[in-house]
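Below is one structure, written out as structure tokens; comments come after it.
The values are calculated or read from the model by the stated rules, or taken from the named source; none is laboratory data. What you are looking at is a predicted structure, and each value in this text was computed from that prediction instead of being measured. Heads up, the Cβs are rebuilt from the backbone with ideal geometry, glycines too, and the neighbour counts pull from every protein chain shown.
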Amino acid sequence: MATYNKRGYKTPKEKEEKLDNNFIEDVNVDEKDSTTAGVFNSLDETASKTEEFVAKNQKYIFGIVAAIALVTVSYLLYQKFVAQPNEEAAANEMFEAQQNFQKAVDGTKSDSLFNLALKGAEGKFGFKDIAEKYSGTDAGNLANYYAGISYLNIGKYDEAITSLEKFKSDDAILSVLAVGAIGDAFSQKKQEKEALENYIKASEMNPNDFTTPRYLLKAGQTSLALGNKADALKYFTEIKEKYENSPEASNIDALIGLVQ
């Protein structure tokens, strides 16, 4: 019997079986092929080697640790029982010397008072002994500055230079004054080139309205004494242009006219 398909009729497709993709595959990974496992194995080996090293060298390691601990404790004890008492003792010794220094600066029997400030009196150290016996302390360092200025004022220029060169400070003014005073000592010794070097250095350190024009002026005057008018003009002009309100600028036009 003949069969036919009704117009528009389509043979129904077999219903596709719906797949459930929501499953967890049970995969067995060979440990030899696992990167993570390899890393852990490597770490285990490293840890084992470290343990062996520590076991073999524990006396040496403990010795290093003990040495570090000893240095730390020693430093703390030094600060507490040596450095701090030294600072206090040096500061106490400084008081009398500073009093004599200030009186000398104020103009009362200057030479004798500068000598007292340097050498000490009435059982108290002067700046010279304080700088030597308390070197390494802040007071001992400052004593070098005071000693240098005292030597400068009594005409002992070599001693002044030696003391001032030992002085180290981060203070924006004192550090400059010390270098400038070294220049003054060289100037008094008629060593103009060395004096000029220190004046220039002082003028370039920590620029400010107090010390900078002061040492620019000295640098200009020393350059002029050395016959170098071009450099002298440079220093004088800098005072005029940058520090017109400073005391050093009061006669600067005359000096500029002198070197032009």
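In the stretch 91-109 there is at least one residue matching the filter, namely being under 24 Å from the mean Cα position of the chain (by Cα), surrounded by fewer than 20 Cβ atoms within 10 Å (Cβ to Cβ) and not assigned by the TED database to the domain that holds Ser203.
Taken over the stretch 207-260, the criterion of being over 25 Å from Ser175 (Cα atoms) and part of a loop (DSSP other than H, G, I, E, B) is satisfied by Leu226, Gly227, Asn228, Ser250, Asn251, Gln260. Out of (1) in contact with a helix residue (DSSP H, G or I) (Cβ under 7 Å, 6 or more places away or on another chain); (2) in contact (Cβ under 8 Å) with a residue 24 or more places away in the chain, the odd one out for Glu194 is which? Only one criterion is unmet by Glu194, namely (2). For the criterion of being surrounded by fewer than 16 Cβ atoms within 10 Å (Cβ to Cβ), of a type in the set (D, E, K, R), closer than 24 Å to Phe127 by Cβ and free of Cβ contacts under 8 Å to residues at least 40 places away in the same chain, Glu165 passes.
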